[in-house]
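To start, the structure under review is shown below, and the notes come after it.
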Amino acid sequence: MSERWYRPKDAAQMLGIAASTLRGWARRFAAALSTSAAEPPHLPDGRLGGRLYNEDDMKVLRRINELLAQGLSYDQVAEALQIGEAPSALSPQ
């Protein structure tokens with residue numbers, strides 16, 4: 001079975017966010033995303049290729065969206081992603 005990949009425009013649309021927001025999240029939360037999502041690949045001619053998001057990336061991005069919608073700060077979201085889940089101790093500021 002082949003893995004499904006999403007271009008930034010499609011991923012952003014699925015998440016209901018702007019493409020610029022998605023790019024920011026890809027930089028900010030790079031440690032939680034695949035290499036293809038966090039760091040655009042270099043093409044053989046030296047140009048940068050585009051980011052691609054797989055299903056696992058989409059799950060992480062949906063979680064980021066949920067946590068931010070709950071009022072958590074970017075730092076709290078990053079902490080939640082590092083430990084695997086937002087603990088009850090993390091409350092919106």
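Determine, yes or no, whether Asp75 is open to solvent by less than 30 Å² (accessible area, probe 1.4 Å) and of a type in the set (Asp, Glu).
On the way: open to solvent by less than 30 Å² (accessible area, probe 1.4 Å): no; of a type in the set (Asp, Glu): yes.
Against the criterion (open to solvent by less than 30 Å² (accessible area, probe 1.4 Å) and of a type in the set (Asp, Glu)), Asp75 does not qualify.
Could you tell me which residue of segment 1-53 is least open to solvent (accessible area, probe 1.4 Å), considering only residues that are in a helix (DSSP H, G or I) and β-branched (Val, Ile, Thr)?
Thr21
The values are calculated or read from the model by the stated rules, or taken from the named source; none is laboratory data. Note that the coordinates shown come from a computational prediction; the quantities given were computed from them, not determined experimentally. Ligands, DNA and RNA are excluded from the accessible area calculation, which covers all protein heavy atoms including side chains. Shrake-Rupley method; radii C 1.70, N 1.55, O 1.52, S 1.80 Å.
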